[in-house]
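Structure, as structure tokens:
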Amino acid sequence: MLIDGQCKRQSMQDNLDDLFRYCRIYNPLGVGIETSGQQQGFLSIIDDMSIRTNTYIPLARKRGSKEIGIRPDTNKTRRFVRGVQPKFEQRKVWLPKPDTLRRSETDYLTAVQELQAELAIFTLAGGAEALPHDDMIDTMNQLSEIDVIPGNDSAAGMDAVRHNRDDEDSEWGYDPTMNIDNDMDDNVGSTIF
């Protein structure tokens, strides 16, 4: 379920500030940070900031890895087909219907619209190269590679999720009739969920 997020161009400091803000709000079990190339350096910055702000950031590992962080090992299309597509087919991915979001949730609405736009354009033939932006596809790929910490189905909200899965009036699901604006050049760069 996509609970909150943003997808926009901003400074790295703003990215880090938002990461810590989201962690304080949601207290996640794990936070996936891509660690290919220069991104590996973010781990030490996050550690330093955690100490300075007294905010614990539980950095996730890739499934089967002992290293902290998510390091891609295949191309985006293969990762999507292997890790993300099956979750959609199994109805394990839930997005808020955009018309249910409040006006105050513009970052979240933009992230949902960007994800829907990327999913609509993404094809096996064209892959990620066919997309003007692939931030959301990257996010979905990384989420599918995180070493999952099993939760308890009786956790708060799970009954509502089960109930709303097949409820057409639910605010969760996929709205194929939504008109997606593909001109999102100002809203790319970082994806935080």
If packing is taken as the mean number of other Cβ atoms within 10 Å per residue, what is the order of 76-89, 17-30, highest first?
76-89, 17-30
Apply the a/c threshold of 1.5 to the C-alpha gyration tensor of the stretch 1-151 and tell me whether it is rounded, prolate or oblate.
oblate
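Would you mind classifying the stretch 1-66 by shape? Square roots of the alpha carbon gyration tensor eigenvalues, ordered a ≥ b ≥ c; an a/c under 1.5 is rounded, otherwise it is prolate if a/b is larger than b/c and oblate if not. Walk me through the intermediate numbers first.
Working: a/c = 1.18, a/b = 1.10, b/c = 1.07.
Judged from the Cα gyration tensor, the stretch 1-66 comes out rounded (a/c under 1.5).
Just subtract the alpha-carbon distance of K87 and Q13 from 0.36 nm times their residue separation and send over the number in nm, one decimal.
Details: separation 74, 0.36 × 74 = 26.64 nm, distance 3.25 nm.
Extra length from K87 to Q13 when fully extended: 23.4 nm.
Roughly how many percent of the accessible protein surface of the stretch 1-129 is carbon and sulfur, given a 1.4 Å probe and a whole-percent answer? Before the final figure, lay out each step's value.
On the way: 3860 of 7640 Å².
The value for the stretch 1-129 is 51 percent carbon and sulfur by accessible area.
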Lysines whose Cα lies under 22 Å from that of K97, excluding same-chain neighbours fewer than 8 positions away:
K8, K87
Can you give me the distance in nm between label points at W94 and D4, each placed 7 Å from the Cα along the Cα-to-Cβ direction?
1.8 nm
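The values are calculated or read from the model by the stated rules, or taken from the named source; none is laboratory data. Only a predicted model underlies this, so the values are computations on that prediction, with no experimental measurement involved. Using ideal geometry, Cβ is built from the backbone for each residue, glycine included, and neighbour counts are taken over all protein chains shown. We work out accessible area using only protein heavy atoms, side chains counted, and drop any ligands, DNA or RNA first. Shrake-Rupley method; radii C 1.70, N 1.55, O 1.52, S 1.80 Å.
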